[in-house]
Amino acid sequence: MIELPELAAGGLAVGTLSAFALGGGLIRSRRQLARQRAESAALRDRLNGALEGFTAEVEHLAAERVPAAARQLTHPHVVVPGPTQPQIGASPLGLALEDVLQGLRAELVAQRTRVDAAAQAGMRGATREIQAALYRLQDALRRLQQDYDDPELAQTLFRLDHENEQSLRRAQVAAVVCGAWVGLAREESHLVDAVTGGQARLAGYDRVRVNNHLEPGTGLVSHAVEPVAIIVAELLDNALRHSAPDTDVVVDLEHVHHGVCVTVDDAGLGMTREERARAQRLVAGGEPILLTELGDPPRMGLAAIGQLTRQFDLTVDVSSPSPYGGVRAVLRVDSHLLSTIDSAERPPAASAARTTRRTPPKEPAAPAPAPTPALDAGPDPTAAAVNAVGPVEAERPRPAGALPQRRRRSRVTVEGDQETRRAVRRPEESALALGALQSGTAAARDQAADQNSERPDRPSDFEGGAAR
């Protein structure tokens, strides 16, 4: 039988062991809890750091990257900055932020295109009304030029007509930029006439010097005449605006392997590399044109050239400097847009630059046999016609009994006279010449009216019905 002291001692030993076990577990629990608390604090610190980094990255996205991405749409040279921390770029966060930028770009482009299309539609309607009013004004001015004989008034009307022509050009360029058709359909014309037509639409046309090295009769097909005239006018306008008023703008017309080139050189300040690259993008016509990209106020000349080069398969290059210090612009017209016109039947305009090339002289025709004079014949009517009108073609022998045929006049002397008369006139000289012509016509009409009034047996124009 176990005694009480021994039991007490055993129980005390067991209790001590249990206390030690519980104390060790408690210590371990406390240590584990402290470790967990430390890990939680570290995780909390890391989370706070990540949150601060994410917040800073979003703030950087909103403050720097988004505005730069928006500006890059209109200014391609603008660089969009990357994330603040390089390691974020390849992470899911960096990819998500880049997706935000791409979605922003796509939405901005869509909205700008939609708004710009609405603006272009409104401008097309406005320019259509303006062009119609300017055409009516042009017709009224030309009727006044025909109705009045005063040289000073004629000069003023010519000046107003020229100002109206410049306004028409600006309205037409705005319409072309907004997607409208060129508006005029012409018959095929000499290429030098299209260049002269573009030159005549400008204020400083007298500063343009044209060197025509084309073969005689080099023309344009009908649908290319007006686009070429518009492009030449805009290239010349840029050259005149950006060069000193005491310098000339030189235009050279040359044949090339696949067509014809119209080269415009000015002696202005030129363009920087960035400006030249932007101008080349505009005239190439490969990108859609937005009015918001043309400045304030919009500069539409190069944009109109780009529209026309894309629509009519023309090529314009402005990437080279001019040997005169300014800008060289080259318009190339390919062979499929060229035609051949008989210069004898349809010569170029009198104000167009004469070509430096000459056609080979034609072989002289065989002399006609001298007619046998008839006895007791009067004056030869053929000789009188030659003296009064000019040289005629040599008579060719015809079969017996054949009817005589009318012969056309020789163009040798006529073309020689036209070469001497086709000098470029100033508007003042043209106005005076037209005024003198109208004065002479009016005097002849008055004299004829006086003669008619002296003859009672002849009814007057008003009595007879229709006037002349």
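Any idea which of ALA370, ALA329 is surrounded by fewer than 14 Cβ atoms within 10 Å (Cβ to Cβ) and either at pLDDT 55 or above or small (Gly, Ala, Ser) (or both)? The match here is ALA370. Between ALA279, ALA229, ALA194, the distinction of being open to solvent by less than 10 Å² (accessible area, probe 1.4 Å) and in contact with a Gly (Cβ under 7 Å, 6 or more places away or on another chain) belongs to ALA229 only. Of the candidates ARG159, ARG201, the single residue that is among the charged types (D, E, K, R), outside any loop (DSSP other than H, G, I, E, B) and either under 19 Å from the mean Cα position of the chain (by Cα) or over 22 Å from THR127 (Cβ atoms) (or both) is ARG159. Within the bounds of the range 306-320, is there any residue that is within 20 Å of ARG112 (Cβ to Cβ) and open to solvent by less than 50 Å² (accessible area, probe 1.4 Å)? Yes, there is a match, as at least one residue in the range 306-320 is within 20 Å of ARG112 (Cβ to Cβ) and open to solvent by less than 50 Å² (accessible area, probe 1.4 Å).
Working only within the range 131-143, note down all residues that are open to solvent by 50 Å² or more (accessible area, probe 1.4 Å) and either without any contact (Cβ under 8 Å) to a residue 12 or more places away in the chain or among the basic types (Lys, Arg) (or both). Within the range 131-143, ARG136, ASP139, ARG142, ARG143 qualify. Against the test of being surrounded by 11 or more Cβ atoms within 10 Å (Cβ to Cβ) and modelled with pLDDT under 80, the options GLY15, GLY24, GLY53 yield a single qualifying residue, GLY53.
Kindly indicate whether any position in the range 240-258 is open to solvent by less than 10 Å² (accessible area, probe 1.4 Å) and either touching a His at 6+ places or on another chain (Cβ under 7 Å) or hydroxyl-bearing (Ser, Thr, Tyr) (or both). Yes - at least one qualifying residue is present in the range 240-258.
All but one of (1) closer than 30 Å to ALA175 by Cβ; (2) open to solvent by less than 60 Å² (accessible area, probe 1.4 Å); (3) among the charged types (D, E, K, R) hold for ARG128; which doesn't? That leaves (2) as the condition not met.
The values are calculated or read from the model by the stated rules, or taken from the named source; none is laboratory data. The model shown is predicted, which means the values in this text are computed figures rather than measured ones. Note that we place each Cβ from the backbone using ideal geometry, even for glycine, and neighbour counts take in every protein chain shown. For the accessible areas, the whole protein counts, side chains as well, though only heavy atoms, and no ligand, DNA or RNA atoms are used. Shrake-Rupley method; radii C 1.70, N 1.55, O 1.52, S 1.80 Å.
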